[in-house]
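Right, one structure below, let's go through it.
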Amino acid sequence: MHTNDEAPLNPPMSDPTVTSDEAQRTPRPTLFGLFRAFFFVGLTGFGGVLPWTRRMVVERARWLSAEEFAEILPVAQLLPGPNVANIATLLGQRYHGAKGTLVALTGLYFCPAFVMVGIGYLYARWSAAPVTISLLAGLMPAATGLVIATSFKLVGSLPRTWRTAVFVVLPAVAVGILQLSLLGVLLTLGPLAVWLARRGAAQGH
Amino acid sequence: MWLTLVDLFLHGTLWSMLAIGGANVTLADIQRYAVDTRHWVTSAQFVTFFSIAQAAPGPNGMAVALIGLQAAGLPGAMVSIVAKCVPSSIVAYYVGDLLERRRQLPWVAAFKRGLAPITVGLFAASSIVLVRDVDTNIESVVLTIASTLVAWRTRLNPIWIIAAGSLIGVLRIMH
């Protein structure tokens, strides 16, 4: 494990494959390189941008090895805010400080911002057209299914304990049915869930 | 107008920060506030915007841009996008290093393990909101079930599921 942020491009040398991998890697991205990479992530990221970010950063630009990406990802997930924005922030900072972060974030949100505003105006103009109505009548149930499927997939990844059941059902009912505020629900259930998870780990089960 | 922009910024920031495990966990809360409390958008517009945002390129959760646009025009959209990424990125900028060095601490592990079921519960809450407003006829229900099964059981890119749904919708009126 290496956590030296000042020298992110020097991975541990114990692994002999690292040297050849290192040789293929771009040294240090320029500001424009950062912008361009996250610009394409924002442009192409259909159906979730995380896989595209990985492809760009690890496979195409080769700024990080697969292991380094696997180390930065949980940090980005733990921080509040969109994971991909956090990755852009951390990478931008690593290579060019605050300027790098600003450039990477701008690249990431540039296209999506234009696209969404464009769609907003198109919607205002065409929302009453029959073709729009029927297109949305098919699109919306499909999009709904994606969210339900995400719930199912995530449930499968959880341990089957009473604690899991309680902390799945309570927020679902509180926010989805009773329509309580998310902030209040998280401030109540969050610390309790974390404390119980910590206690469970300390007791070894 | 200014008040609306401040409101959009504060709530956009809140939603971005509370999105543990994905932007879609905040859907029910956005619906509660933007539709029921503020009346920025109608219930139908809300689910439409959300679905469109799912189909568009870029990060999830860009539906807030459309809500901002509806609430306060172009400045509203811009403020919503800024709220979505800037405050959280400032946090990431200053505490990212610290977290990277400490990510092996037991509390960090407990944090992730403790919040995991809550994330699932919130995805379920989002599903409830969507089903309630979208699946109002039998055809929608069938499409939702089909989409759920395909997305759940296969590794197909979600964009094809969205595309297939849209195509079915368009073809239905042309015949």
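Taken together, the values in this text are just the output of simple stated rules run on the coordinates, not laboratory data. Everything numeric in this text was worked out from a predicted model, so none of it was measured. FYI the Cβ positions are ideal-geometry reconstructions off the backbone, even for glycines, and counts take in every protein chain you see.
Overall form of the protein assembly as shown: prolate. Here a/c, set by the Cα gyration tensor axes a ≥ b ≥ c, is 1.5 or more, and a/b is the larger of a/b and b/c. Compute the Cα gyration tensor for region A:72-205, then decide on rounded, prolate or oblate, letting a ≥ b ≥ c be the square roots of its eigenvalues: rounded whenever a/c is under 1.5, prolate when a/b is larger than b/c in the other cases, and oblate in all that remain. Note, shape of region A:72-205 comes out oblate. Here each label is just a point 7 Å from Cα along the line to Cβ, and for B:Trp160 and B:Val142 those points are 2.2 nm apart.
Across peptide A:119-130, how many C-beta atoms of other chains are within 10 Å of each residue C-beta, on average?
The mean count of partner-chain Cβ atoms within 10 Å per residue comes to 3.
Between A:Trp195 and B:Leu10, how high is the FRET efficiency from 1/(1 + (r/R0)^6) when r is the Cβ-Cβ distance and R₀ = 22 Å? Nearest 0.05.
The value I calculate is 0.15.
Using a 7 Å offset from Cα along Cα-Cβ at B:Thr37, what residues in region A:151-182 end up with backbone N under 18 Å from the label point? Answer for this model: A:174-182. When each of the peptides B:23-29, B:83-89, A:131-137, A:195-201 is scored by how many other beta carbons lie within 10 Å of its residues on average, the order from highest to lowest is B:23-29, B:83-89, A:131-137, A:195-201. Computed on chain B, with alpha-carbon pairs under 8 angstrom and 6+ residues apart, the relative contact order is 25 percent. With R₀ set to 56 Å, the beta-carbon distance separating A:Ser157 from A:Arg125 gives a calculated FRET efficiency near 0.85.
For a straight C-alpha distance cut-off of 28 angstrom, the lysines reachable from A:Lys153 (same-chain residues fewer than eight places away being disregarded) are B:Lys84, B:Lys112. Taking the Cα centre of each part, how many Å lie between region B:1-79 and region A:54-100? Value for the Cα centre distance between the two parts: 26 Å.
Look at the alpha carbon pairs under 8 Å that are at least 6 residues apart: their mean separation over the length of region A:17-123 gives a relative contact order of 34 percent. Going from the fewest other Cβ atoms within 10 Å to the most, the residues A:Met56, B:Met1 appear in the order B:Met1, A:Met56. When a/c is below 1.5 the answer is rounded, else prolate if a/b is larger than b/c, else oblate, so apply that to region B:23-166 with a ≥ b ≥ c taken from the square roots of the Cα gyration tensor eigenvalues. Because a/c hits 1.5 or more and a/b fails to exceed b/c, region B:23-166 counts as oblate.
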